[in-house]
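Q: My questions will all concern the structure given below.
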């Protein structure tokens with residue numbers, strides 16, 4: 001099963017693995033989370049109009065659905081194997097922070113109805129806010145709802161995060177697979193109108209997939225240099241780039257579950273100087289605590305009280321500094337305290353699985369050391385030596 005935030009993600013990130021799955025005779029299901037309808041600049045370029053109404057967007061979403069079906073047709077995947085959820089395009093982060101349960105219910109139902117053995121989903125490190133929001137949702141589903149033997153694999157469309165690229169397995173395409181992938185990408189005519197070269201470059205790159213482990217280590221990214229978690233506090237060491245366009249709008253989000261298992265999210269607006277800062281509930285905008293920042297506009301230490309969050313559930317944090325569209329970095333997963341207290345090397349966990357369907361085998365994942373407090377991992381060789389078969 002492929003979970004794609006938008007029409008075109010299947011062609012850009014997963015065309016080769018889908019071709020191989022088709023040849024292997026695997027059952028395939030492609031689920032589009034949004035219709036890609038809030039896509040104003042390509043729509044203005046194609047339709048030669050500036051003002052776009054709700055009906056214009058709806059029409060654009062239908063066009064992008066048809067392009068997705070055409071792109072999948074190139075890969076020999078049929079419309080009966082495709083599902084569109086029509087969640088809000090460019091609104092998935094807001095949905096995650098304010099009404100996550102509604103989205104989770106839809107995704108869980110789709111997965112439960114089809115019972116996949118392997119799920120391809122976006123990476124937490126993807127810098128598109130819709131992509132990394134879906135990634136957080138899929139991590140919750142993976143941890144809380146899936147039964148043994150189901151595997152989740154992450155792919156990345158936007159960005160070059162070492163947190164993903166240093167660990168992901170490469171799937172290099174053959175010449176035929178490259179040509180087919182290029183043909184599939186070209187079916188997204190609305191998207192290559194403004195970005196033809198950028199889109200077609202995806203056809204020449206290897207596809208990369210990172211297996212999601214049940215017990216995760218912390219992989220810092222972007223402005224987050226290091227993290228440590230105790231039962232009462234979360235300590236975050238921040239190092240900011242000197243980007244004037246990002247300095248004025250910095251926020252830190254923290255997302256997790258409370259002691260009753262309910263999803264909670266809060267935000268802190270950064271001031272760029274030492275201060276005690278309000279923690280605001282994302283759903284109600286009410287103050288729920290005080291965080292402490294000690295530092296200056298380019299670096300500092302955050303201490304956040306964790307009274308709202310359960311110590312037995314993972315946390316997710318993101319520093320939002322985007323001046324316009326893409327994030328500087330995605331979400332960072334912080335393991336629960338029981339996970340942090342275990343010191344042996346992490347191995348592939350026994351899993352939770354839905355009913356088994358025939359699917360292509362996937363291999364090529366490695367081990368990593370589990371720690372309670374970590375600093376940024378340096379770029380280096382790919383620790384995943386194997387390839388998908």
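The values are calculated or read from the model by the stated rules, or taken from the named source; none is laboratory data. As the structure is a prediction and not an experimental result, all values here were calculated from the model. With ideal geometry, Cβ positions are generated from the backbone for all residues, glycine too; neighbour counts draw on all protein chains shown.
Q: Tell me whether region 42-53 contains one or more residues that are surrounded by 15 or more Cβ atoms within 10 Å (Cβ to Cβ) and over 22 Å from residue 202 (Cβ atoms).
A: Yes.
Q: If a residue has to be in a helix (DSSP H, G or I) and either in contact with a helix residue (DSSP H, G or I) (Cβ under 7 Å, 6 or more places away or on another chain) or more than 20 Å from residue 128 (Cα to Cα) (or both) to count, how many in region 38-56 make the cut?
A: The number of residues fulfilling the criteria is 10.
Residue-by-condition table, conditions (1) more than 14 Å from the chain's Cα centre (by Cα); (2) closer than 29 Å to residue 281 by Cα:
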{"site": "75", "(1), (2)": "yes, no"}
{"site": "83", "(1), (2)": "yes, no"}
{"site": "93", "(1), (2)": "no, yes"}
{"site": "101", "(1), (2)": "yes, yes"}
{"site": "117", "(1), (2)": "yes, no"}
{"site": "151", "(1), (2)": "yes, no"}
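Q: To continue, here is another question. Does region 327-339 contain at least one residue that is modelled with pLDDT of 90 or more and out of contact with any strand residue (DSSP E or B) (no Cβ under 9 Å at 6 or more places or on another chain)?
A: No, region 327-339 contains no residue that is modelled with pLDDT of 90 or more and out of contact with any strand residue (DSSP E or B) (no Cβ under 9 Å at 6 or more places or on another chain).
Q: Let me ask something else. With the structure loaded, tell me whether residue 290 is outside any loop (DSSP other than H, G, I, E, B), at pLDDT 95 or above and more than 24 Å from the chain's Cα centre (by Cα) or whether it fails that test.
A: yes
Q: Could we say that residue 60 is out of contact with any strand residue (DSSP E or B) (no Cβ under 7 Å at 6 or more places or on another chain) and outside any helix (DSSP H, G or I) here?
A: no
Q: In region 8-37, how many are more than 18 Å from residue 93 (Cα to Cα) and outside any helix (DSSP H, G or I)?
A: Result for region 8-37: 9.
Q: Can you name the condition, by its number, that residue 131 falls short on among (1) assigned to a helix (DSSP H, G or I); (2) surrounded by fewer than 21 Cβ atoms within 10 Å (Cβ to Cβ)?
A: Residue 131 satisfies all of (1) assigned to a helix (DSSP H, G or I); (2) surrounded by fewer than 21 Cβ atoms within 10 Å (Cβ to Cβ) except (2).
Q: Can I ask one more? Which one is nearest to residue 115 (Cα to Cα) among residues in region 18-37 that are out of contact with any helix residue (DSSP H, G or I) (no Cβ under 7 Å at 6 or more places or on another chain) and surrounded by fewer than 22 Cβ atoms within 10 Å (Cβ to Cβ)?
A: Among them, the one singled out is 27.
Q: On the basis of being free of Cβ contacts under 8 Å to residues at least 40 places away in the same chain, assigned to a helix (DSSP H, G or I) and either in contact with a strand residue (DSSP E or B) (Cβ under 8 Å, 6 or more places away or on another chain) or surrounded by 15 or more Cβ atoms within 10 Å (Cβ to Cβ) (or both), does residue 69 make the cut?
A: Yes.
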